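Data block below; observations after.
Each reported figure results from applying straightforward, stated rules to the coordinates on display, with no laboratory input. All values reported here derive from a predicted model rather than from experimental measurement. Glycine also receives a Cβ, built like all others from the backbone with ideal geometry; neighbour counts cover every protein chain displayed.
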Amino acid sequence: MKQAMANNKICGDGPFTKKCNAWLENRFGCQKVLLTTSGTTALEMAALLCSLQPGDEVILPSFTFSSTATAFVLAGAKLVFVDIRPDTKNIDERLIEAAITDRTRVICAMHYAGVACEMDTIMDIARRHNLLVVEDAAQAIMSAYKDRSLGTIGDFGCFSFHETKNYSMGEGGALLIRDAKYNEQAEILREKGTDRSRFLRGQVDKYTWVSYGSSYLPSDLNAAYLWGQLEAADQIYSDRMNSWNRYYELLKPLEEAGKLELPFIPGECTQNAHMFYIMTASLEERTALIAHMGKKGIGLVFHYIPLHSAPAGLKYGRFAGEDKYTTSLSDRLVRLPMYYGLAESDIDRVATEIRAFYGV
Ligand SMILES: *Cc1c(COP(=O)(O)O)cnc(C)c1O
């Protein structure tokens with residue numbers, strides 16, 4: 001960050017932003033990656049690149065963060081929520097086709113906890129119905145599906161570098177573009193609707209306002225912070241994986257005793273230890289567990305009030321089919337402390353207290 005300041009150039013697309021873009025392109029095998037000001041604005045760019053018309057529909061899970069939905073609402077779309085799978089908590093790919101209408105344009109796949117959606121099935125449905133696929137990979141950087149990096153499989157992928165994610169720049173994100181035909185429009189969108197990127201490459205002799213857009217470039221100061229994290233990407237990854245595996249081993253006896261459920265990672269998925277969650281038997285049990293742990297100074301948090309039941313969800317969307325799992329699972333899920341540098345002794349203490357709660 002000192003170097004960025006010494007460059008006396010901390011606006012967008014400075015040297016650190018370029019280094020981060022190139023690192024992400026090389027590491028994940030993507031022809032174009034652009035840093036953005038957040039995961040939310042990466043999703044907004046993806047939604048705009050889908051060129052939605054008023055009344056067009058986007059299929060997405062209801063068990064997700066508000067950003068997944070609001071990006072498409074801003075682009076003028078109607079939301080169609082589909083139920084999740086009880087094992088991965090990702091959108092249930094077997095229910096997507098029944099939700100498709102003649103207005104459907106996009107499927108948005110959010111990879112919960114960095115574990116991949118069933119991408120072969122989703123991409124096949126999209127191909128057969130001529131739909132675009134946006135991956136909300138905000139939680140899924142460094143994860144893979146059948147050895148393909150998440151964020152690179154759909155037409156567009158979106159990472160988040162928010163402080164709560166595996167790699168941080170405070171606030172920030174990235175848009176991944178699979179097909180180069182979108183590159184120019186993406187650059188225009190990101191540069192206030194101007195062709196400034198072409199100008200900087202010497203392709204035009206002055207730059208001008210050519211389309212709608214916004215300012216989606218993060219400061220190079222933030223990119224410099226991210227660069228430090230990317231340099232340590234593998235170290236951060238293995239630290240988190242060690243924590244995740246330790247939780248899993250220590251809590252496995254509880255699952256075997258039928259007390260709770262642990263996360264499920266399908267064989268074709270490589271995860272990134274973004275999160276460790278457990279499933280309690282009921283909402284009442286979860287409330288009691290959170291209170292028990294709170295008394296011991298251990299903060300557990302749950303996740304996502306289903307979007308379709310939230311005021312904006314009721315206004316902008318509808319649920320297609322039956323809500324068999326979305327609401328019931330969101331009542332039972334609780335997350336354990338998970339961050340880079342989490343001490344083994346702390347993990348042991350969390351597991352010991354959970355076992356004490358269940359009397360195992
Ligand atoms: C964090 C997150 C976002 C938003 O990312 P920001 O960088 O905070 O804007 C979007 N979708 C999901 C699933 C997330 O977890």
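List Phe28, Phe264 from most exposed to least, where exposure is judged by having the fewest other Cβ atoms within 10 Å. Display every interim value, and only then the final one.
On the way: Phe28 21, Phe264 13.
So the ranking, lowest neighbour count to highest, is Phe264, Phe28.
Taking Cα centroids, how far is the range 67-123 from the range 330-360 in Å?
So the separation of the two Cα centres works out to 30 Å.
Can you tell me which of 141-147, 350-356 comes out highest on packing, and rank the rest after it, using the mean Cβ neighbours within 10 Å?
On the way: 141-147: 20.0, 350-356: 17.6.
Ranking, from highest mean packing down: 141-147, 350-356.
Just how far, in whole angstrom, is the range 1-52 from the range 196-217 if you go by their alpha carbon centroids?
Each part reduced to its Cα centre gives a spacing of 16 Å.
For the chain, which semi-axes, largest first and in whole Å, follow from the square roots of 5 times the eigenvalues of its Cα gyration tensor?
Numbers: eigenvalues 250, 137, 54 Å².
Working through the eigenvalues yields semi-axes of 35, 26, 16 Å.
Based on the Cβ-Cβ distance from Glu284 to Ser51, what FRET efficiency comes out when R0 is 35 Å, to the nearest 0.05? Walk me through the numbers on the way to the answer.
Details: r = 47 Å, r/R0 = 1.34.
It comes out at approximately 0.15.
Can you list the equivalent-ellipsoid semi-axes of the range 197-259, largest first and in whole Å, using the square root of 5 times each Cα gyration tensor eigenvalue?
Semi-axis lengths for the range 197-259 are 49, 17, 9 Å.
Quick one: P(r) of the range 42-165 from all Cα-Cα pairs, 10 Å bins, percents rounded to integers, in order of increasing distance.
Using 10 Å bins, I get a P(r) of 14, 51, 32, 3 for the range 42-165.
What spacing in nm lies between the two simple spin-label points modelled at Asp239 and Lys252, each 7 Å away from Cα in the Cβ direction?
About 2.6 nm, to one decimal.
Sticking to Cα atoms, compute the Rg of the range 143-242 to one decimal and its Dmax as the biggest Cα-Cα distance, whole number, in Å.
In Å, with Rg to one decimal and Dmax whole: 16.2, 53.
Note down the nm distance, to one decimal, between modelled labels 7 Å out along Cα→Cβ at Lys206 and at Asp179.
It is 3.5 nm.
I need the phi-derived Karplus couplings for the range 60-70: 6.51 cos²θ - 1.76 cosθ + 1.60, θ = phi - 60°, integer Hz, Gly and Pro marked x.
8, x, 8, 8, 7, 6, 4, 4, 4, 7, 5
Can you give the Rg to Rh ratio for the range 125-185, taking only C-alpha atoms and Rh from Kirkwood?
Details: Rg = 12.7 Å, Rh = 12.4 Å.
With Rh from the inverse mean 1/r over Cα pairs, Rg/Rh is 1.02.
Among Ser38, Ser62, which comes first, then next, by fewest other beta-carbon atoms within 10 Å?
Values: Ser38 22, Ser62 27.
By the 10 Å Cβ count, ascending: Ser38, Ser62.
Radius of gyration and Dmax for the range 24-111's Cα atoms, expressed in Å?
For the range 24-111, the Cα-based Rg and Dmax read 13.8, 38 Å.
For a footprinting-style exposure proxy, rank His111, His308, His303 by other Cβ within 10 Å, fewest first.
Numbers: His111 28, His308 24, His303 17.
With the sparsest Cβ surroundings first, the list reads His303, His308, His111.
Take peptides 74-87, 177-190, 333-346 and line them up by average Cβ neighbours within 10 Å, highest first, as a rough protection proxy.
Values: 74-87: 21.0, 177-190: 17.6, 333-346: 15.0.
Result, highest mean Cβ count within 10 Å first: 74-87, 177-190, 333-346.
How large is Rg/Rh for the range 286-360, to two decimals, with Cα atoms and a Kirkwood Rh? Intermediate results must be reported in sequence, preceding the final value.
Values: Rg = 16.4 Å, Rh = 14.6 Å.
Taking Rg over the Kirkwood Rh, I get 1.12.
Using θ = phi - 60° and the Karplus curve 6.51 cos²θ - 1.76 cosθ + 1.60, what whole-Hz ³J(HN,Hα) does each residue of the range 168-176 get, with Gly and Pro shown as x?
10, 10, x, 10, x, x, 8, 9, 10
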